[in-house]
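Notes follow once the structure below has been shown.
The values are calculated or read from the model by the stated rules, or taken from the named source; none is laboratory data. Only a predicted model underlies this, so the values are computations on that prediction, with no experimental measurement involved. Every residue, glycine among them, receives a Cβ derived from its backbone with ideal geometry; neighbour counts consider all protein chains shown.
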Amino acid sequence: MNKKFYITTPIYYPNDIPHIGQAYTTIAADIVARWHKLKGREVFFLTGTDEHGKKIENAAKKKGKEPKKFVDDLVPKFKNDWKKLNIDYDEFIRTTDANHKKIVQEVLKKVYDKGDIYKGTYEGYYCISCEAYYTEKDLVNGCCPIHKTKIEKLKEESYFFKLSKYQKKLLDLYKKNPDFISPKSRRKEVINRVKDGLNDLSISRTSFDWGIKLPFDDRHICYVWFDALLNYYSATREKGKQKFWPADVHLIGKDILWFHTVYWPAMLMSAEIDLPKRVFAHGWWTFDKEKISKSRGKVINVDELIAIAGVDSARYFLFRETPFGQDGDFSEQALIDRHNNELADKLGNLVSRVSTLAEKYGLREVNFKKIEADIDISNVVRNISELIERFEFDKALNSIFAFIDTLNQFVQEEKIWKTGSKEDLFELATGIKVATILLWPFIPETSEKIAKQFGFKIDFKEIKKPLKVMKVKKSEILFKKIK
Ligand code: MSP
């Protein structure tokens, strides 16, 4: 097994405070990063902000601020919100960092020297909200197909990246590495579009100046996506980080799949840099069945998300409710229901009952017998590990909770409150240890509380070790029911 593991989130536009969509990708990356840390791998988990381009420049203007001052004011809000959500990232990159700018210029120079960049004139459409180019036939009634807003028509001198040259190489990549575009359901749409043909990509503009200058023509500012995608690589050019490239997985939302599976590998091929192993695109959340959008007032920010039922319940809900690759509908009631019925009634109740009885009667070590007669725990752990590594978080949580159900049934069937069996309580505490360690990537705060209560370490290796017998105290209520 490879000891190193490098995972990234998209870098977010700091044009406002973070919302649930951005939190979703970031929590997902945190879950995967924690999982690999749990298994003893050396993990590099990168997140950050995408700070250049017209969209940010415009947002800053609206607030009457200089772009740098504008993003400097918003970046701490991202860092703070990630902290509130218990996101344990290793590095936060900003595209305005000096090192990043240097690497972008080096790569541009390399691609230019190779003959993959040429000067021409761009004539076409550009949506500032998407920071993306469109052709006449992409538009819907003259508007951006995503934002439904009026779209800029451009005609200006521009440098182009020879994307078309990489069509065959990209198709070969998708064939040779079927996991490169994940989940499988997303591969076809990209492959078909690439087969249809690729236009060369306009990678510079002269009509604004908030961005990185082209090293071979400083009248031109680099296209924000060319700049942004390189963050994944530039973050690994720092001391001690080189070994992490290529990335094991870029987690992204489905809306930015094209940039990550077409532009990005083509740029790297041209610059002769190794390719990331995988790009995984998750689905989108709607809110009460409507698209989450600022203009229509349906946005949930991080504070609102946490206020519903706490951090762990939010983290749990987002990954239990819908399969990670698919779209989901966010409803406050559904979150509260899962908080009450699963976290409080199943996990909370189990920990509360077992710790209360253990405080009263104590624990006595036995070889794991009764529960194991019904359920092969190694098998459960193997199955859950595989599900997490395949990003099937909903199924993994489902299996962990099926195991918790088994433990609750054991309390019921053996009537432990009557027998006060120290051996049975030991078995139950051991079961709690297994479930808690597996749950840690999802609900770290609660898992750490339970671990402290029963005196075990959160480490994958602990799953197989016998629990140390200690004096257990009745636990506090882990999940207060919400009426
Ligand atoms: N800056 C670019 C990414 C550059 S990566 C080199 C960007 N930023 S973003 O802030 O607009 O969005 C980032 C992420 O949030 C995307 O992965 C996107 O899919 C995700 N989401 C935004 N709204 C979402 C939902 N409503 N639901 C789920 N995820 C969504 O794009």
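Pairing each residue of segment 101-130 that is under 18 Å from Trp210 (Cβ atoms) with any residue that is basic (Lys, Arg) and crowded, with 19+ Cβ neighbours inside 10 Å, provided the two are 6+ apart or on different chains, yields C-beta distances under 6 Å for Ile128/Lys54. Please verify whether segment 142-150 includes one or more residues that are touching a Gly at 6+ places or on another chain (Cβ under 8 Å), at pLDDT below 95 and over 30 Å from Gln326 (Cβ atoms). Yes, segment 142-150 contains a residue that is touching a Gly at 6+ places or on another chain (Cβ under 8 Å), at pLDDT below 95 and over 30 Å from Gln326 (Cβ atoms). If you scan segment 233-285, which residues turn out to be over 22 Å from Ile31 (Cβ atoms) and at pLDDT below 95? Within segment 233-285, Glu238, Lys239, Gly240 meet the criteria. Taken together, the residues in segment 278-334 that are near the ligand (Cβ under 9 Å from one of its atoms), among the small types (Gly, Ala, Ser) and surrounded by fewer than 17 Cβ atoms within 10 Å (Cβ to Cβ) amount to 1.
Report yes if some residue within segment 207-220 is within 24 Å of Gly283 (Cα to Cα) and either more than 16 Å from the ligand (Cβ to nearest atom) or at pLDDT 95 or above (or both); otherwise report no. It would help to see each step written out before you state the result.
Of the residues in segment 207-220, the ones within 24 Å of Gly283 (Cα to Cα) are none.
Within segment 207-220, none of the residues are within 24 Å of Gly283 (Cα to Cα) and either more than 16 Å from the ligand (Cβ to nearest atom) or at pLDDT 95 or above (or both).
The residues of segment 38-64 that are more than 15 Å from the ligand (Cβ to nearest atom), assigned to a helix (DSSP H, G or I) and surrounded by 20 or more Cβ atoms within 10 Å (Cβ to Cβ), listed by number, are Leu38, Ala60.
Taking residues in segment 331-342 that are hydroxyl-bearing (Ser, Thr, Tyr), and partners anywhere that are in a loop (DSSP other than H, G, I, E, B), the pairs with Cβ atoms closer than 7 Å and at least 6 places apart or on different chains are Ser331/Asp288. Inspect segment 30-41 for any residue being out of contact with any Phe, Trp or Tyr (no Cβ under 8 Å at 6 or more places or on another chain) and more than 16 Å from Asp90 (Cα to Cα) and give the result as yes or no. Scanning segment 30-41, I find no residue that is out of contact with any Phe, Trp or Tyr (no Cβ under 8 Å at 6 or more places or on another chain) and more than 16 Å from Asp90 (Cα to Cα), so the answer is no.
Restricting attention to segment 395-440, the residues that are touching a helix residue (DSSP H, G or I) at 6+ places or on another chain (Cβ under 6 Å), of a type outside the set (Gly, Ala, Ser) and part of a loop (DSSP other than H, G, I, E, B) total 1.
Within segment 337-387, take every residue that is part of a helix (DSSP H, G or I) and of a type in the set (Asp, Glu) and give me the one that is nearest to the chain's Cα centre (by Cα).
Taking segment 337-387 and keeping what is part of a helix (DSSP H, G or I), we get 337-361, 370-374, 377-387.
Applying the additional criterion that residues be of a type in the set (Asp, Glu) yields 337, 342, 345, 359, 372, 374, 386.
Working: Asp337: 24, Glu342: 23, Asp345: 28, Glu359: 39, Glu372: 35, Asp374: 36, Glu386: 18 Å.
Selected residue: Glu386.
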